[in-house]
Amino acid sequence: MLSDGLWLAATAGLAIIAVVWPLAPALVSLVGAEGELALQAVTYLRISLLGVPAMLLVFAGTGVLRGMQDTTTPLLVSVGSFVLNALLNLLFVLGLGWGVAGSAWGTVLAQSLGAAVYLTLVFGRYGAPIRPDLAGIRAAGTAGVALIIRTACLQVVLAVAATLATRMGEGQIEAHTIALRIWTLLAFALDAIAIAGQAITGHALGAGDAEATRQATRRMVGWG
């Protein structure tokens, strides 16, 4: 059902909070941060954790709408969330002087609003049942194993890179952060192609048009 992925995302998000919250100081220390940098990192990590369920709900909701051949709404929600995040960061960090905590709260609130939009659409527009279906949630989890492994491997690589930069010094971690943002921007360009690919190939396969699927695949691999 449409809501299975949402329930799985919410459950996983709460589990991550429960596990990572008490381990935040140890994780920051493992990365190599010390002194004031470590204190700020723990603050940011713990506040950001509160937005993890909303972030995962956004991912799940995006998948649901892609499956319904609606890629416009996820684009609008994504752009709106980024703009709101930037405005809240300006308000909390520069306006109210909350520093790192303000940046984290801005992200949490923007993610939560995005999640609320998807929940309204899935349960309202598409009439998905609110009651969880355990069998469906297990099936959604099984289908997403490959994606979970891919995401975990990516996060490990990023964490190792951040650890190396942190141990080199404050200037290096700041430079690493800038480079990571540029890399993320380029990765989003590839994601845009992948999103279109999911919708186009899914529609073609559903219609039994294997040749259209091959043509679309070749074209998007070339763009990638």
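Which value does Rg/Rh take for segment 1-153 over its C-alpha atoms, Rh per Kirkwood? Before the final figure, lay out the partial values.
Values: Rg = 17.0 Å, Rh = 16.8 Å.
Expressed as Rg/Rh, it is 1.02.
Could you tell me the relative contact order of the chain? Use alpha-carbon pairs under 8 Å, at least six residues apart, and round to a whole percent. Walk me through the intermediate numbers first.
Values: 192 pairs, mean separation 57.0, N = 224.
Here the relative contact order equals 25 percent.
Using only the alpha-carbon atoms, how far is helix 145-168 inclined from the longest principal axis of the chain? Give it as 0 to 90 degrees, nearest 10.
Relative to the chain, helix 145-168 is tipped by roughly 20 degrees.
Of Val31, Thr71, Gly114, which is farthest towards the positive pole of the chain's charge dipole, taken about the Cα centre with +1 and -1 on the beta-carbons of Lys, Arg and Asp, Glu respectively?
Thr71
Which angle between 0 and 90 degrees, to the nearest 10, do you get for helix 72-89 versus the longest principal axis of the chain when only C-alpha atoms count?
Taking the Cα atoms of the chain, the angle to 72-89 is about 10 degrees.
Pairs of Cα atoms under 8 Å, at least six residues apart: use those to get the relative contact order of segment 1-72, whole percent.
Numbers: 41 pairs, mean separation 34.8, N = 72.
Relative contact order comes out at 48 percent.
Where the accessible area of segment 43-159 is counted over protein heavy atoms with a 1.4 Å probe, how much of it, in %, is carbon and sulfur? Mind showing how you got there, number by number?
Values: 4880 of 6600 Å².
Whole-percent figure for carbon plus sulfur exposure: 74.
Measuring with a 1.4 Å probe in the full set of protein chains, what accessible area per residue, in whole Å², belongs to the chain? Present the calculation step by step, with values, prior to reporting the outcome.
Numbers: 13620 Å² over 224 residues.
Value returned for the chain: 61 Å² of accessible area per residue.
Round to the nearest 10 and give me the degree value, 0 to 90, for the angle of helix 100-120's Cα axis relative to the longest principal axis of the chain.
20 degrees
Can you pull the accessible area of Trp105 for me, 1.4 Å probe, Å² to the nearest 10?
Estimated to the nearest 10 Å², Trp105 gives 90 Å².
What FRET efficiency would be calculated for the residue pair Arg125, Leu37, taking the C-beta separation as r and a Förster radius of 45 Å, to the nearest 0.05? Don't jump to the answer; show the numbers that get you there.
Working: r = 45 Å, r/R0 = 1.00.
Rounded to the nearest 0.05, the efficiency is 0.50.
So how far apart, in nm, are the two label points at Arg214 and Ser78 if each is 7 Å from Cα heading toward Cβ?
Distance between label points: 3.0 nm.
Which value, in debye to the nearest 20, gives the size of the charge dipole of the chain about its Cα centre, when Lys and Arg are +1 and Asp and Glu are -1 at the Cβ? Could the numbers behind the result be given before it?
Working: 11 positive and 10 negative charges, 70 e Å.
That gives a dipole near 340 debye.
The values are calculated or read from the model by the stated rules, or taken from the named source; none is laboratory data. Since the model is a prediction, treat every value here as computed from it, not as a measurement. Cβ coordinates were reconstructed from backbone atoms using ideal geometry, including for glycine residues, and neighbour counts include every protein chain displayed. What goes into the accessible areas is simple: the full protein's heavy atoms, side chains included, and nothing from ligands, DNA or RNA. Shrake-Rupley method; radii C 1.70, N 1.55, O 1.52, S 1.80 Å.
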